Amino acid sequence: MRHLLVVGFAALTAGLIVTGALADDPSPGDPGDPGDNKPDSAVTYVESGPDGVTIYIAVSETSPGSSGDSSSSDTSSSSGGGWSCTADVMNIGNATREWFERESALHPGEAPWVVQCDNGFMSIVWLPLDVEASEVSVVVVQGDPVDPASVAAELLDHVPVPAITVGVNPEVGLVALPSWFWVEGYDGLPIAASDTLGGTTVEVEITPTGYRWTFGDGATLKSTSLGQRYPEESDIRHTYEQSSLSTGGTFPVSVEITFSARYRVDGGPWQPLDPITRSFTTAYPVQQLQSILTGR
């Protein structure tokens, strides 16, 4: 499940008017003076997956205390590049109760966490209720804010699927005799693509989960096999009951491959994407055997 929150620092400053009493509630720490930061110097977004939660702070311009380098950690804090950040569950006191009741209705199943950096940057993010502090990481990246899911969707549209063809034996089919089929030019291994924008690297990986064969005469076959190239005996086979003359001389034989898809950000936990399909077709002629009687 993916959670995304993107807020500019100017918006955070306005939010602090509501939560200004946090200084009297020391458990999340004093948020510091947000005026120490340049407006719109950073934004915060969250990626949540089965292996944990990563809070990203995207620095779009150099702000006080930032050298412009990226930093990350495998705990609830991040240091390096001039930014040292922590994330803690927000302590709700009397001064923030009204705000919490209003905002929590917009975030069912989630709780507010306070992200603070030693240069005065502060943000509030909403994380799943069942997340533990040991599962939370803070990552600081340099560059304009990037929506990893959008980058992943773009990569998925251009993932380098090989130029697959449908292999067949015999080259010309015969009615009532089985033809063998297989995938040519692809070995069935996962295919990956990646891109780096604004200091954030997004990787996409697709893996085949099934193959749907159509033989042009109305027959179909589902399999998890690529078939075997001749002279091996392929397990993808079909026997035609009529010639292809009635369909213009050939049958359109195709294989539709379904790929599961996932992505990750900066080597973090994998997040699911919707599956994709790719289809490949070849023209296959099938002839009718005819007996010829000869006289003496």
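The values are calculated or read from the model by the stated rules, or taken from the named source; none is laboratory data. Owing to the predicted nature of the structure, the values given are computational and were not obtained by experimental measurement. Cβ atoms come from the backbone with ideal geometry, glycine included; neighbour counts cover every protein chain shown.
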Residue satisfying condition, being modelled with pLDDT of 90 or more and either assigned to a loop (DSSP other than H, G, I, E, B) or under 20 Å from the mean Cα position of the chain (by Cα) (or both), within set Leu106, Leu155: Leu155
Does any residue of the stretch 120-141 turn out to be at pLDDT 90 or above, assigned to a strand (DSSP E or B) and of a type in the set (Phe, Trp, Tyr)? no
Restricting to strands (runs of 3 or more DSSP E) lying wholly in the stretch 214-296: which have 2 or more residues that are touching a strand residue (DSSP E or B) at 6+ places or on another chain (Cβ under 6 Å) and surrounded by fewer than 14 Cβ atoms within 10 Å (Cβ to Cβ)? 220-223, 271-284
Can we say Pro112 is part of a strand (DSSP E or B), in contact (Cβ under 8 Å) with a residue 12 or more places away in the chain and not acidic (Asp, Glu)? yes
Taking Glu154 as meeting all but one of (1) of a type in the set (D, E, K, R); (2) surrounded by 12 or more Cβ atoms within 10 Å (Cβ to Cβ); (3) touching a Leu at 6+ places or on another chain (Cβ under 8 Å), write down the number of the exception. (3)
